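Data block below; observations after.
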Amino acid sequence: MGGVTILAMLSVLLAPGASAKTYTCDNDPVSGSGCSDYNGSTFVYKSNQSSSYNDDHRLSTAQDEDDYYIWYFDEATAGTPEVYVYLNSASFTNREAHYYLGTTDPYTSEYVGAVNQYTADEGWNFVGDDVTVTGDVELMVIAYDYDRSGDTGADAARLVY
Ligand SMILES: [Ca+2]
Ligand SMILES: [Ca+2]
């Protein structure tokens, strides 16, 4: 096998995203989607949101540090994923929304990053990529604006390994 052929094969193997595994969970996922959720008492369901992922999201206006929304990635694997959240609603105004990534069994929950939902890109926004999970993955957003007093949105979330 010539060197050029080997280089060509390597470039395929190392191509960006060639081996990436992606898991996407919407809020209020339908059964069979490989996802489930926990919606804290202050996160109100909003339908007919044409700019949001699958036309829906949840919104908390409570400013409650003890309330949160959780995406359960029932099929995600162990590893250190890149975390993204989908933000595309004018009602998401939290300037510093905090996210935690962890596992349900054994229970862990570690700060993975913050996002300014008010100035976020329309679509997928990077949260962080330095928390390692062992499986049974969950992502949590806190119903509190650590900067000002904006409202906290929860739409789709994505893990890329
Ligand atoms: Ca949904
Ligand atoms: Ca949605």
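Points worth noting:
- Within-11-Å neighbourhood charge of residue 157 [Cβ basis; K, R +1; D, E -1]: -3
- Sorting 98, 57 from the fewest to the most surrounding beta carbons within 10 angstrom yields 98, 57.
- Rounded to the nearest 20, the Cβ-based charge dipole of segment 21-160 about its Cα centre (Lys and Arg +1, Asp and Glu -1) stands at 240 debye.
- Between residue 74 and residue 41, the modelled labels are 2.7 nm apart [label points 7 Å from Cα along Cα→Cβ].
- Helix 3-13 axis, angle to the chain major axis (alpha carbon atoms, nearest 10°): 20 degrees
- Integer Hz, Karplus 6.51/-1.76/1.60 couplings in order for segment 91-108, x for Gly and Pro: 7, 7, 10, 5, 7, 8, 8, 9, 10, 10, 10, x, 10, 8, 8, x, 6, 9
- Net charge, residue 124 excluded, C-beta distance under 12 Å - Lys, Arg +1, Asp, Glu -1: -3
- Calculated [θ] (222 nm, deg cm²/dmol) that DSSP helices of n ≥ 4 give over the chain, each run adding -39,500 (n - 2.57): -2000 deg cm²/dmol
Any read-out appearing in this document is the output of simple, stated calculations on the displayed coordinates, not a laboratory observation. Bear in mind that the values here come from a model prediction, so they are computed numbers and not experimental data. Ideal geometry is used to build each Cβ from the backbone, glycine not excepted, and the neighbour counts take in all protein chains shown.
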